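What follows is a set of notes on a single structure, which appears directly below.
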Amino acid sequence: MKTKTKVGIRGYGGYVPGFRITPREIGAVWGKDGEMMGAALGIRGKSVPAPDEDVVTISTRAARWALERSGLNGDRIGAIYVGSESHPYAVKPTSTMVGAAIGATPHMTAADYEFACKAGTAAIQTCMGLVASGMIENGIAIGADTSQGAPGDALEYSASAGGAAFVIGGERLLAEIKYTTSMTTDTPDFWRREGQTYPSHGGRFTGQPAYFKHVMGCTSKMMDELGMEPSDFAHAVFHQPNGKFPMNAAKKLGFSREQMETGLLVTRIGNTYSGAVPLGLAAILDIAEPGDNILVTSYGSGAGSDGFYIEASKNIVKVREDGVPSIQEVLRDERHIGYAEYAKYRDKIRKGG
Amino acid sequence: MSIPRFWREIRQRYKGIGVECGNCGRVFFPPRSICPDCRRESLGKMNEREIVGKGKVITYTEVHEPMPDFRMQAPYTMVMVEMDEGVRMTGQLVDFEPEKVGYGMEVEAVLRKLGEESPSGIIYYGYKFRPCP
């Protein structure tokens with residue numbers, strides 16, 4: 001899908017909560033070899049939100065940085081879409097609270113999105129359409145999560161927290177979004193029923209017929225439509241539920257470790273769900289050179305992938321000196337905690353009174 | 001806290017909206033309808049002013065007997081901050097290393113959860129402070 005007029009990223013910012021827990025700590029509680037589990041998943045640690053952090057606070061921090069970087073005031077934002085599977089309310093939008101916090105309300109449209117881990121890229125596509133059609137001048141798309149894994153489940157080693165925001169506009173672009181392709185099927189690989197605290201998943205079924213089919217299918221189709229090859233891209237980022245899946249997909253598609261390494265944050269912070277691909281893209285934009293081609297493919301269980309072909313503009317070098325912290329700078333704030341504190345912060349302890 | 005009371009203060013809590021006296025330039029937070037220095041001279045001249053959120057710690061204390069909403073965070077640290085705009089704001093300090101807390105510490109305001117009405121009630125959000133990177 002190509003927009004009729006130029007659309008792209010005018011500002012961006014990402015935030016990851018500072019607490020970290022290691023697979024070893026988690027494994028020790030459940031009688032498992034956590035280090036081996038971590039090695040199998042390709043995860044050295046995962047981020048944990050503080051008890052006063054949720055998708056609203058993470059989204060707001062990312063959106064404030066994105067707005068600062070864009071040089072726009074909040075009142076120039078015509079739409080806000082927040083994609084997440086851990087919105088703090090089942091009914092009451094996250095996007096209105098983010099809108100109020102960045103001064104974008106009241107003259108804007110807003111909604112919350114949910115499509116497992118790809119709701120953030122769905123928000124980017126929506127903003128692209130609104131901007132390209134001339135309905136709005138600028139919009140903000142956010143992907144953020146404070147995902148939960150059931151205690152003792154394999155997901156607990158990876159489910160983490162973080163998010164990134166993008167100001168999508170038509171002028172003064174840091175990077176142009178030149179093309180997008182989606183692939184969507186009905187695939188029951190991972191879900192959470194209404195009222196359930198923790199998600200359920202189909203174990204190995206989440207691999208080949210789910211993640212790989214969509215990520216590889218969407219990426220191949222997009223490259224075919226564009227007549228491009230893996231070697232045409234300086235960087236690539238795929239959804240990263242663990243360290244292994246994106247690297248395996250990359251290898252099969254013909255992308256190298258060098259193309260993947262900047263956007264692969266899962267090894268340090270775990271799976272940030274809707275935040276994963278947006279944060280990986282933000283990390284790439286932090287170091288991209290003018291003219292660099294970037295390939296992005298998200299994945300959301302249920303299932304679908306959104307692919308994007310993005311080209312860094314000459315303005316991209318400005319992000320290195322605009323005072324907004326890079327993703328690598330944000331990740332420097334690391335405070336390690338044990339399972340007891342983790343259980344307390346993630347509301348896994350039954351309290352009296 | 002009642003829903004209308006929280007709702008009325010959303011712009012102050014989320015975005016730090018205070019006022020500036022159009023007569024003497026003094027900034028107030030939370031907003032006041034009249035300047036205590038200029039009195040009637042300030043009538044109709046109290047203009048909205050956003051407190052950007054950067055400042056320095058002027059005093060702090062550690063709370064060991066928390067209010068129910070802060071049980072998960074005890075002991076926690078409260079700071080009084082002199083903002084760049086000249087007003088003083090009080091809030092919780094988060095994301096810090098205890099040994100680095102001190103007078104003059106540079107902090108920035110961030111949006112965090114302040115508490116909630118109940119597990120099924122409204123969630124209160126507002127500013128807290130964290131060390132500047």
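Take every DSSP beta bridge whose two residues both sit in chain A, then give the antiparallel share in percent to the nearest 5.
Details: 39 of 57 bridges.
Approximately 70 percent, going by the DSSP bridge assignments.
Quote the relative contact order of segment A:175-317 in percent (integer), defining contacts as alpha-carbon pairs under 8 Å separated by 6+ residues.
The normalised contact order for segment A:175-317 reaches 36 percent.
Please tell me the relative contact order of chain B in percent, rounded to the nearest whole number, where contacts are Cα pairs under 8 Å and at least six residues apart. Walk me through the intermediate numbers first.
On the way: 258 pairs, mean separation 28.4, N = 133.
Reported relative contact order: 21 percent.
Once Rh for segment A:116-224 is found with the Kirkwood sum over Cα pairs, what is the Stokes-Einstein diffusion coefficient at 10 °C and 1.306 mPa s, in µm²/s? Numbers along the way, then the final one.
On the way: Rh = 16.3 Å.
Translational D for this selection: 97 µm²/s.
Just the number, please: carbon plus sulfur as a percent of the accessible area of the protein assembly as shown, 1.4 Å probe, no ligands or DNA/RNA counted.
On the way: 10670 of 21230 Å².
Taking all protein chains in place, the protein assembly as shown shows 50 percent carbon and sulfur surface.
Using a cut-off of 20 Å between alpha-carbon atoms, which lysines can reach A:K92, once sequence neighbours fewer than 8 places away in the same chain are excluded?
Those lysines meeting the cut-off are B:K15, B:K113.
Just reorder A:D232, A:D224, A:D52, A:D112 by solvent-accessible area, largest first, 1.4 Å probe, all chains present. Display every interim value, and only then the final one.
Numbers: A:D232 70, A:D224 125, A:D52 5, A:D112 45 Å².
Order by accessible area, largest first: A:D224, A:D232, A:D112, A:D52.
By its C-alpha gyration tensor, with a ≥ b ≥ c as the square roots of the eigenvalues, how is segment A:72-132 shaped: rounded for a/c under 1.5, else prolate for a/b larger than b/c, else oblate? Don't jump to the answer; show the numbers that get you there.
On the way: a/c = 2.43, a/b = 1.23, b/c = 1.99.
Oblate shape, in that a/c is at least 1.5 and b/c is the bigger or equal ratio.
For segment B:52-131, what's the radius of gyration and Dmax over Cα atoms, in angstrom?
Answer for segment B:52-131, Rg first and Dmax second: 13.0, 40 Å.
Compute the convex hull volume of the Cα atoms of segment A:1-117, divide it by the residue count, and report the result per residue in Å³ as a whole number. Kindly include the intermediate steps, with their values, before the conclusion.
Numbers: hull volume 19.0 nm³, N = 117.
Per residue, the Cα convex hull of segment A:1-117 comes to 162 Å³.
Taking only Cα atoms, what is the 0 to 90° angle, nearest 10, from helix A:55-70's long axis to the longest principal axis of chain A?
30 degrees
Which whole-number value in Å² is the accessible area per residue of chain A, probe 1.4 Å?
Details: 13620 Å² over 353 residues.
Averaged over the residues of chain A, the accessible area is 39 Å².
Please name the residues of segment B:75-98 whose accessible area, counted over protein heavy atoms with a 1.4 angstrom probe, falls by no less than 40 Å² between the chain alone and the full protein assembly.
B:D95
Starting from segment A:1-88, pick out the trypsin sites (Lys or Arg not before Pro) whose DSSP state is loop and whose Cβ has at most 10 other Cβ atoms within 10 Å. Write out the running numbers ahead of the final one.
Working: sites: A:K2, A:K4, A:K6, A:R10, A:R20, A:R24, A:K32, A:R44, A:K46, A:R61, A:R64, A:R69, A:R76; in loops: A:K2, A:K4, A:K6, A:K32, A:R44.
In loop regions of segment A:1-88 (DSSP not H, G, I, E or B), the sparsely surrounded trypsin sites (Lys or Arg not before Pro) are A:K4.
Give me the one-decimal Kirkwood hydrodynamic radius in Å for segment A:175-317, with the sum taken over alpha-carbon pairs.
Evaluated on segment A:175-317, it is 15.4 Å.
Using the alpha carbon gyration tensor of segment A:298-353, what are the three equivalent-ellipsoid semi-axes (square root of 5 times each eigenvalue), largest first, in whole Å? Display every interim value, and only then the final one.
On the way: eigenvalues 275, 105, 16 Å².
Calculated on Cα positions only, the semi-axes equal 37, 23, 9 Å.
Could you run the Debye sum over the Cα atoms of chain A, one equal point scatterer each and no solvent, and tell me log10 of I(q)/I(0) at q = 0.10, 0.13 Å⁻¹, two decimals?
-0.53, -0.93
What are the equivalent ellipsoid semi-axes of segment B:15-55, built from the alpha-carbon gyration tensor (square roots of five times its eigenvalues), in whole angstrom, biggest first? Can you show the working numbers first?
Values: eigenvalues 71, 15, 11 Å².
Those come to 19, 9, 8 Å.
Expressed as a rounded percentage, what relative contact order does chain A have, with Cα pairs under 8 Å and six or more residues apart? Mind dumping the intermediate values first?
Details: 899 pairs, mean separation 87.5, N = 353.
About 25 percent, as a whole number.
How much mean residue ellipticity at 222 nm does chain A get from its helices, if each DSSP H run of length 4 or more adds -39500 (n - 2.57) and you divide by all residues, to the nearest 500 deg cm²/dmol? Could the numbers behind the result be given before it?
Numbers: 12 runs with 110 residues, N = 353.
When only DSSP H runs of four or more count, the value is -9000 deg cm²/dmol.
List the longest stretch of chain A that has no exposed loop site; here a site is one of the chymotrypsin sites (Phe, Trp or Tyr not before Pro) assigned by DSSP to anything other than H, G, I, E or B, with at most 15 other Cβ within 10 Å. Write out the running numbers ahead of the final one.
Numbers: sites that count: A:W30, A:Y89.
In chain A, the maximal stretch lacking such sites is A:90-353.
Chains B and A: how much accessible area gets covered up at their contact, both sides added, probe 1.4 Å, in Å² to the nearest hundred?
Values: alone 8610 and 14640 Å², together 21230 Å².
Using a 1.4 Å probe on protein heavy atoms, the buried area is about 2000 Å².
The values are calculated or read from the model by the stated rules, or taken from the named source; none is laboratory data. As the structure is a computational prediction, the values presented were derived from the model and not from experiment. Positions of Cβ are backbone-derived with ideal geometry, glycine not excepted, and every protein chain shown enters the neighbour counts. These area figures cover heavy atoms from the full protein model, side chains too; ligands, DNA and RNA do not enter into them. Shrake-Rupley method; radii C 1.70, N 1.55, O 1.52, S 1.80 Å.
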